[in-house]
Amino acid sequence: GRSFFDPRTTSSYMSKDGEISGTRKAADRWWTEFQTKGERQTLIDAVAAGGREAPAQAKILCQRYPEVAPPTLIRAARAANDAWVRSQLVDQLAPLEGPQITEFLEDELRGSSFVQSRVAAAYGLRDRGQTEAVPSMIREWKNLQVEKPHDSKGVEEVARFLVSADSVAAIRALGQGLRQRPVETRFEVIERLGETNSYPTRSQLPPSAQTL
């Protein structure tokens, strides 16, 4: 779950960028540290640091050391200052068992500074049967209109959640005032409602007769 070479462009490779020596030294330093700490502690420290590689290493930690995964991922998610990293960690926490997970997801839904991680928490709570997830995302959708006329990432994530919730209230919320929103936002909503062949990355409830 760890890489040592960070490409500068899509056509980068180590020899072209002159990074062979530096990459090898970085790998050697990591291996020395790994031998001292062991796999378990190396993964814990890497995940807790909350960097871009934390989600990949969190996946390994959950598979091999599930007894320490929940508190480590919770600490990492709360410390992460990158929206993608934080939402990925929340996604990995969501299927785990325990009251501390539910409590964390509730806190994340209410208090995260990132739309993406709030949406990830909403999916996790909805899968747990928690009823506050859909109303919270409806409020999120309404706030996007007032605070952020068009935030492509936020619009896409929130709209996808509301479409996937099989909720009449969610569909109505998407339609209310839609014609007054920016064209880009309207397009996002129509595209989400019309999706039939996209691969679901999160849970999606099958539409009932009321929401079709």
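General observations
- Restricted to the stretch 121-143, and to residues there that are farther than 16 Å from A94 by Cα and open to solvent by less than 10 Å² (accessible area, probe 1.4 Å), the residue that is modelled with the highest pLDDT is M137.
- Neighbours by Cβ (under 9 Å, 6+ apart or cross-chain): first from the stretch 166-183, of a type outside the set (D, E) and exposed (fewer than 10 other Cβ atoms within 10 Å of the Cβ); second at pLDDT below 90 and assigned to a helix (DSSP H, G or I): R179/R186; Q180/Q145
- Restricting E67, E33 to residues that are part of a loop (DSSP other than H, G, I, E, B) and open to solvent by 30 Å² or more (accessible area, probe 1.4 Å) narrows the list to E67.
- Filter result for L96 (surrounded by fewer than 18 Cβ atoms within 10 Å (Cβ to Cβ) and touching a residue at least 24 places away in the same chain (Cβ under 8 Å)): yes
- Residue identified as at pLDDT below 90, outside any loop (DSSP other than H, G, I, E, B), under 22 Å from V85 (Cβ atoms) and out of contact with any strand residue (DSSP E or B) (no Cβ under 7 Å at 6 or more places or on another chain) among A26, A46: A26
- Taking the stretch 1-20 as the range and being open to solvent by less than 70 Å² (accessible area, probe 1.4 Å) and in a helix (DSSP H, G or I) as the test, only D17 passes.
- Any hit, the stretch 31-39, residues being within 19 Å of E132 (Cα to Cα), free of Cβ contacts under 8 Å to residues at least 60 places away in the same chain and not hydroxyl-bearing (S, T, Y): no
- Single residue of R118, R52 found to be basic (K, R), buried (at least 17 other Cβ atoms within 10 Å of the Cβ) and in contact (Cβ under 8 Å) with a residue 12 or more places away in the chain: R118
- If you go through the stretch 70-93 and keep only what is farther than 20 Å from R40 by Cβ, basic (K, R) and open to solvent by 40 Å² or more (accessible area, probe 1.4 Å), you end up with just R78.
The values are calculated or read from the model by the stated rules, or taken from the named source; none is laboratory data. Note that the coordinates shown come from a computational prediction; the quantities given were computed from them, not determined experimentally. Cβ atoms come from the backbone with ideal geometry, glycine included; neighbour counts cover every protein chain shown. Side chains are part of the model used for accessible areas, which takes the heavy atoms of the whole protein and leaves out ligands, DNA and RNA. Shrake-Rupley method; radii C 1.70, N 1.55, O 1.52, S 1.80 Å.
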